[in-house]
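What follows is calculated from the coordinates using simple rules that are stated; it is not laboratory data. Owing to the predicted nature of the structure, the values given are computational and were not obtained by experimental measurement. Note: ideal-geometry Cβ built from the backbone for every residue, glycine included; neighbour counts use all protein chains shown.
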Amino acid sequence: MTTTERDDTDATNQKVKTYQYFTNGEWRHANDASTFEVYEPFSRAVFANVANCGRAETKDAIKAATSAFLKWAELTSDVKSALFLKAASIVDRRRDEFSQILARETGCTIFFAHFQQDLVKKYLEQAAGWVYLPKGEIIQSDVPGTYSSVVRRPIGVVACLTPWNGASVLVWRSVVLPLSAGNTVVVKPSEEAPISAGLLVAEVTAEAGFPPGVINVVTHAAGQAATIADEFFRSPDVRCINFTGSVKTGRILAERAGRELKRSVMELGGYNALIVLADVDLDYAVRVAAFSAFFHQGQICMSARKILVQRDVYDEFLTRFIDKTNALPMGDPEDAATIVGPLINPQALATVTERVREAVDKGARIVAGGGWTGQVHEPTILIDVPADATIAFEETFGPVVIVQPVDDALEAVDVVNSSMYGLSTAILCADTFHGIELAAYVKSGAVHINIPTVDDEVQAPIGGVRDSGWGRTGTYGLQDFSDYVWINAQSGERHLPIK
Ligand code: ADP
């Protein structure tokens with residue numbers, strides 16, 4: 001089975017692959033055979049042509065997922081487990097190939113691309129165990145002679161809307177849990193990365209032998225996402241909207257999900273802070289700060305947007321952090337030395353430069369970076385940023401971070417909690433137990449002590465509080481994709497008030 005329909009040639013005379021979409025175990029053209037172009041973020045060259053789906057293709061995909069549901073739900077765990085393990089081995093075998101595609105399609109460094117493939121492999125390996133988790137419990141009844149139990153059942157078709165930024169990890173993460181809970185899925189990847197954030201899942205699971213219809217992927221051009229989502233909402237068979245993306249889109253989808261009484265899981269953005277207390281090793285703090293703020297060009301929902309430094313060490317930290325920032329290698333993500341590569345597209349670059357300019361107009365100072373070449377924005381540090389500058393409170397996907405002094409840990413926690421976001425917070429301190437104590441006061445889905453704001457483990461409950469959303473990864477999220485049914489039986493007659 002192949003995704004490739006034909007090879008076109010682009011202006012630079014390189015082969016450009018054309019991808020079909022995937023439904024009911026088949027690769028298909030969009031109904032009108034239309035395709036859209038996907039660009040490489042660094043060179044802006046055409047990377048691929050991809051099927052441009054709309055309502056009809058989405059309806060077909062939902063139909064395929066609905067037909068496959070009973071068969072998949074009833075497959076025995078050993079068969080499902082073997083499929084997940086086979087998929088893990090395929091991801092491992094094709095690690096370099098998938099990393100290349102991911103790096104070219106999303107502009108991430110090769111290091112991050114490899115990291116993502118390795119995490120995906122672990123997701124699939126752990127899912128092979130999740131299918132064996134108990135499906136029910138006996139609960140205590142106060143009525144003698146009663147056998148009272150609760151059974152976990154799959155809910156139906158889950159629509160997975162996935163982003164481009166950590167494309168491989170985020171798409172696999174969004175499908176593995178619903179699948180292991182016994183559901184079927186329709187994936188709608190971001191138009192910026194339809195291959196890594198969608199089609200490769202189809203390719204791997206098809207090769208592994210997952211039954212037709214269990215995983216379907218509908219790709220689309222810019223401007224079509226709402227139309228496809230509308231089909232998800234209209235279908236009575238789609239029972240959950242599993243969304244990873246911006247707060248803005250999450251709000252639209254959660255509102256509609258409420259109206260249609262569909263479940264939703266919302267993994268949204270963050271405005272994450274790194275707190276640096278005075279007793280910390282400053283060299284380590286600077287490296288953690290650089291990683292938290294600039295890894296993947298700050299285009300991770302967990303990236304640090306603000307560094308809150310205890311006043312006693314503020315000047316020294318800032319001096320060392322500026323030096324480190326100015327020394328970070330920038331440029332082509334395919335160059336193994338590169339740490340800071342391109343932003344995903346020209347609109348993203350424009351947003352970053354506009355927000356930096358607005359902050360400077362309002363009185364902020366740039367103490368490192370500030371410029372850009374092509375799509376690569378320099379890693380940038382801002383200080384003296386006024387509270388009403390958008391970058392001081394809105395998630396801005398780019399390598400720009402604010403450094404701000406605080407008197408003590410409690411003031412830092414107050415600053416963190418003043419944000420409506422709550423995804424990831426990190427505290428650097430020599431006294432680790434003090435960090436654990438502080439964590440109790442932080443409104444955040446994750447609090448990392450002496451660890452960067454960006455951290456990921458398959459078995460961890462990743463997700464947000466407040467405007468950063470709801471729902472969790474790892475087995476903590478199983479209940480979002482399951483119905484609990486009370487099966488209650490009595491031997492003999494129950495005492496009733498009616499004789
Ligand atoms: P980002 O700004 O990081 O691209 P988005 O929230 O725009 O984040 O995108 C995440 C996912 O949401 C993508 O799959 C995108 O196509 C989808 N999306 C964007 N707008 C809408 C919308 N109005 N309805 C449904 N999906 C949408």
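Can you tell me which condition Lys443 does not meet? The list is (1) within 26 Å of Thr390 (Cβ to Cβ); (2) touching a residue at least 60 places away in the same chain (Cβ under 8 Å); (3) in contact with a helix residue (DSSP H, G or I) (Cβ under 6 Å, 6 or more places away or on another chain), and all the others hold.
Just one mismatch for Lys443, condition (2).
Pairs please, first residue from region 380-401 and under 23 Å from Gly464 (Cα atoms), second anywhere and more than 16 Å from the ligand (Cβ to nearest atom) and part of a loop (DSSP other than H, G, I, E, B), Cβ atoms under 7 Å, 6+ apart in sequence or on different chains.
Once the first residue is under 23 Å from Gly464 (Cα atoms) and sits in region 380-401, its partners that are more than 16 Å from the ligand (Cβ to nearest atom) and part of a loop (DSSP other than H, G, I, E, B) give Ile391/Val385; Ala392/Val385; Ala392/Pro386; Phe393/Ser419; Pro399/Pro379.
Just give me the residues in region 374-431 being part of a loop (DSSP other than H, G, I, E, B) and among the acidic types (Asp, Glu), in sequence order.
Glu378, Asp384, Asp388, Glu394, Glu395, Asp407, Asp408, Asp431
If a residue has to be under 16 Å from Ala221 (Cβ atoms) and not hydroxyl-bearing (Ser, Thr, Tyr) to count, how many in region 17-35 make the cut?
6
From the list Phe36, Phe47, Phe42, pick out the single residue that is within 30 Å of Gly331 (Cα to Cα) and more than 23 Å from the chain's Cα centre (by Cα).
Phe36
Yes or no: region 237-257 includes at least one residue that is more than 25 Å from Val465 (Cα to Cα) and either surrounded by fewer than 21 Cβ atoms within 10 Å (Cβ to Cβ) or within 12 Å of the ligand (Cβ to nearest atom) (or both).
Yes, some residue in region 237-257 is more than 25 Å from Val465 (Cα to Cα) and either surrounded by fewer than 21 Cβ atoms within 10 Å (Cβ to Cβ) or within 12 Å of the ligand (Cβ to nearest atom) (or both).
Would you pick out the residues in region 120-165 that are among the small types (Gly, Ala, Ser) and within 30 Å of Ile228 (Cα to Cα)? Walk me through it before giving the result.
Taking region 120-165 as the starting set, the residues that turn out to be among the small types (Gly, Ala, Ser) are 127-129, 136, 141, 145, 148-149, 156, 159.
Correct list: Ala127, Gly156, Ala159.
Here is a yes/no grid of residues against (1) closer than 18 Å to Arg104 by Cα; (2) not in a helix (DSSP H, G or I):
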{"residue": "Asp283", "(1), (2)": "no, no"}
{"residue": "Val288", "(1), (2)": "no, no"}
{"residue": "Ala293", "(1), (2)": "no, no"}
{"residue": "Gln297", "(1), (2)": "yes, no"}
{"residue": "Cys301", "(1), (2)": "no, yes"}
{"residue": "Leu308", "(1), (2)": "no, yes"}
{"residue": "Val313", "(1), (2)": "no, no"}
{"residue": "Phe321", "(1), (2)": "no, no"}
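Taking region 433-458 only, how many residues are under 24 Å from the mean Cα position of the chain (by Cα) and surrounded by 14 or more Cβ atoms within 10 Å (Cβ to Cβ)?
17
Is region 217-233 home to any residue that is surrounded by 24 or more Cβ atoms within 10 Å (Cβ to Cβ), more than 28 Å from Glu40 (Cβ to Cβ) and in contact (Cβ under 8 Å) with a residue 40 or more places away in the chain?
Here is the first cut: in region 217-233, the ones surrounded by 24 or more Cβ atoms within 10 Å (Cβ to Cβ) are 217-220, 232.
Next, only the ones that are more than 28 Å from Glu40 (Cβ to Cβ) stay: 232.
With in contact (Cβ under 8 Å) with a residue 40 or more places away in the chain added as a condition, the list becomes 232.
Taking every residue of region 217-233 in turn, at least one turns out to be surrounded by 24 or more Cβ atoms within 10 Å (Cβ to Cβ), more than 28 Å from Glu40 (Cβ to Cβ) and in contact (Cβ under 8 Å) with a residue 40 or more places away in the chain.
Restricting to region 148-168, count the residues that are more than 16 Å from the ligand (Cβ to nearest atom) and hydroxyl-bearing (Ser, Thr, Tyr).
Within region 148-168, residues that are more than 16 Å from the ligand (Cβ to nearest atom) and hydroxyl-bearing (Ser, Thr, Tyr) number 2.
Residue-wise test of (1) of a type outside the set (A, V, I, L, M); (2) part of a loop (DSSP other than H, G, I, E, B); (3) within 16 Å of the ligand (Cβ to nearest atom); (4) more than 21 Å from His114 (Cβ to Cβ).
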| position | (1), (2), (3), (4) |
| --- | --- |
| Val171 | no, no, yes, no |
| Val176 | no, no, no, no |
| Glu192 | yes, yes, yes, no |
| Ala202 | no, no, yes, yes |
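Say whether the condition of being of a type in the set (Lys, Arg), surrounded by fewer than 23 Cβ atoms within 10 Å (Cβ to Cβ) and in contact with a helix residue (DSSP H, G or I) (Cβ under 9 Å, 6 or more places away or on another chain) is met by at least one residue in region 118-137.
Yes.
Tell me the residue from Ala61, Ala30, Ala82 that is crowded, with 16+ Cβ neighbours inside 10 Å and closer than 25 Å to Ile155 by Cα, please.
That would be Ala61, the only listed residue that is crowded, with 16+ Cβ neighbours inside 10 Å and closer than 25 Å to Ile155 by Cα.
Can you give me the number of residues within region 465-499 that are under 25 Å from His434 (Cβ atoms) and touching a strand residue (DSSP E or B) at 6+ places or on another chain (Cβ under 7 Å)?
Count: 0.
Mind counting the residues in region 68-103 that are out of contact with any helix residue (DSSP H, G or I) (no Cβ under 9 Å at 6 or more places or on another chain) and either closer than 30 Å to Arg44 by Cβ or not in a helix (DSSP H, G or I) (or both)?
Adding up the residues that qualify gives 2.
As an exercise: evaluate Gly250 against (1) outside any strand (DSSP E or B); (2) under 30 Å from Asp384 (Cβ atoms) and give the number of the one condition it does not meet.
Against the list (1) outside any strand (DSSP E or B); (2) under 30 Å from Asp384 (Cβ atoms), Gly250 comes up short only on (2).
Let me confirm something: among Thr390, Thr432, which residue is closer than 30 Å to Phe115 by Cα and among the polar types (S, T, N, Q)?
Thr432
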